[in-house]
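The values are calculated or read from the model by the stated rules, or taken from the named source; none is laboratory data. Keep in mind that this is a model prediction, so the values were computed, not measured. Cβ sites come from the backbone with ideal geometry, for glycine too, and all protein chains shown count toward neighbours. Heavy atoms of the whole protein, side chains included, go into the accessibility calculation; ligands, DNA and RNA do not. Shrake-Rupley method; radii C 1.70, N 1.55, O 1.52, S 1.80 Å.
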Amino acid sequence: GVIPHIPVPAEQALDAAHADALRKLSEAEQDERIKAYYEWALQEVDGRLRPMKLTRKQMETYTGSFGPRRVFVEDGELWYRREDGPRYRLVPMGNDLFRVGDLDNFRLSFGHDARGRVTKAIGLYDDGHRDENAKDGG
C-alpha cells in the first residue's frame with residue numbers, strides 16, 4: 001500500500017488533502033480577496049473533517065429574534081429563518097460559526113457581551129460582506 005502524506009481515516013482522505021491544499025494556497029496568496037475565498041472554502045472543509053454536535057442547552061443560547069432573523073430549536077435541531085423565507089438547519093462549524101442549510105454563499109455567526117450572552121447575529125457572505133442584527137429585547 002501507499003503511506004499517506006496526511007494520516008487520516010480513508011473516508012476523510014479527500015477532505016484532508018483539500019484542506020491541506022487550501023491552507024497552502026491561502027498562506028501563499030497576496031491578494032486579500034482571493035485569500036478570503038480560500039479561507040471561506042477551508043472553513044467548509046474543516047467543518048466536515050471535525051463535525052460538531054451541540055447539546056440542547058448550547059443550542060438554546062443562540063435562540064431568539066435578531067431583527068428580521070429568528071433562530072430557534074425544533075425537534076432537537078437548531079434552525080434559522082429570515083422573515084417569511086424558508087427555514088434552514090444550522091450546522092455548527094466552530095467558534096459560534098454555522099453553516100446555513102445547503103447555502104454555499106452565506107453563514108451565520110454570533111456576537112457576545114462580556115458575560116458571554118449572545119447579543120447579535122452576524123450574517124457572513126462569501127464575498128466578504130457582513131451584516132449584523134442585535135438580539136431583540138437584549
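List of remarks:
- Search result, residues across segment 114-137 that are open to solvent by 60 Å² or more (accessible area, probe 1.4 Å), under 17 Å from the mean Cα position of the chain (by Cα) and modelled with pLDDT of 95 or more: K120, E132
- Checked against the criterion of being closer than 28 Å to A134 by Cβ, touching a helix residue (DSSP H, G or I) at 6+ places or on another chain (Cβ under 6 Å), modelled with pLDDT under 95 and open to solvent by 40 Å² or more (accessible area, probe 1.4 Å), the candidates E29, E39 yield just one match: E39.
- For the criterion of being at pLDDT 95 or above, surrounded by fewer than 17 Cβ atoms within 10 Å (Cβ to Cβ), touching an Asp or Glu at 6+ places or on another chain (Cβ under 9 Å) and among the charged types (D, E, K, R), R87 passes.
- Screening R50 against (1) more than 13 Å from the chain's Cα centre (by Cα); (2) at pLDDT below 95 leaves a single unmet condition, (1).
- Hits in segment 13-26 (condition: closer than 15 Å to Q43 by Cβ and open to solvent by 60 Å² or more (accessible area, probe 1.4 Å)): H18, R23, L25
- When segment 29-56 is filtered for residues that are farther than 23 Å from L14 by Cβ and touching a residue at least 40 places away in the same chain (Cβ under 8 Å), the ones remaining, listed by number, are R33, A36.
- Boolean, K53 is of a type in the set (K, R) and either under 27 Å from D20 (Cβ atoms) or surrounded by 15 or more Cβ atoms within 10 Å (Cβ to Cβ) (or both): yes
- Residues of segment 96-113 classified as open to solvent by 60 Å² or more (accessible area, probe 1.4 Å) and under 18 Å from V45 (Cβ atoms), total: 3
- Filtering M59, M93 for residues that are buried (at least 16 other Cβ atoms within 10 Å of the Cβ), touching a residue at least 12 places away in the same chain (Cβ under 8 Å) and not in a strand (DSSP E or B) leaves a single hit, M59.
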